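Student: Here's a structure for you.
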Amino acid sequence: MLGQPEGLDETSPIFSIAAAAELAGLHAQTLRQYDRLGLVEPARTAGNTRRYSMRDVGRLRQVQLLSSEGVSLEGIRRILDMSDENRELRARVRELETALADAVMQQQGRRIFAAGSAGIQTLRAGARPSKPGSVVLWRGPTR
């Protein structure tokens, strides 16, 4: 990301409890309660001080929104757990799709084509189309 210090991303634990509470529009005691309940689990420093990331702050806002809509804290915990599992499963599917595409591209005898706004182009084995959004077709060897 542009302008972002090296090694920092949305999961970097950089906010104190006071800063995270202010960003989320909550009281620091509420953040401590959510931590005890496992709704948001901030990182800890060597001195056991809580440190929140931007992802944690977003999660706090999500908890606040669900709570204001009348969802119980147990219901919120379940929703967040399912959301986390869904995110992990989607990442795994992307990994498997990439691995499958790579395996198919490495097979001998495959003729590979990409069709996009620039027309149809033949690709050599192992190559990917230069334009995102191209549809890639391959035909196995005839028997």
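Student: Quick one: in the range 33-50, of everything that is of a type outside the set (Val, Ile, Thr) and in contact with a helix residue (DSSP H, G or I) (Cβ under 7 Å, 6 or more places away or on another chain), which residue is nearest to residue 17 (Cα to Cα)? It would help to see each step written out before you state the result.
Tutor: At the first step, the residues of the range 33-50 found to be of a type outside the set (Val, Ile, Thr) are 33-39, 41-44, 46-48, 50.
Then keep just the ones that are in contact with a helix residue (DSSP H, G or I) (Cβ under 7 Å, 6 or more places away or on another chain); that gives 34, 37-39, 41-42, 50.
Numbers: 34: 12, 37: 16, 38: 15, 39: 15, 41: 12, 42: 9, 50: 6 Å.
Top of the filtered list is 50.
Student: So, one more: Tell me which residues, restricted to the range 18-42, are among the hydrophobic types (A, V, I, L, M, F, W, C) and in a helix (DSSP H, G or I).
Tutor: 18, 19, 20, 21, 23, 24, 28, 31, 37
So that you can scan it fast, the table gives a plain yes or no per residue for (1) of a type outside the set (Ser, Thr, Tyr); (2) in contact with an Asp or Glu (Cβ under 8 Å, 6 or more places away or on another chain); (3) at pLDDT 95 or above:
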position: 2; (1), (2), (3): yes, no, no
position: 11; (1), (2), (3): no, no, no
position: 28; (1), (2), (3): yes, no, yes
position: 36; (1), (2), (3): yes, no, no
position: 52; (1), (2), (3): no, no, yes
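Student: Got at least one residue in the range 91-110 being of a type in the set (Val, Ile, Thr) and exposed (fewer than 12 other Cβ atoms within 10 Å of the Cβ)?
Tutor: yes
The values are calculated or read from the model by the stated rules, or taken from the named source; none is laboratory data. Keep in mind that this is a model prediction, so the values were computed, not measured. Here the Cβ is made from the backbone with ideal geometry for all residues, glycine too, and neighbour counts use every protein chain on show.
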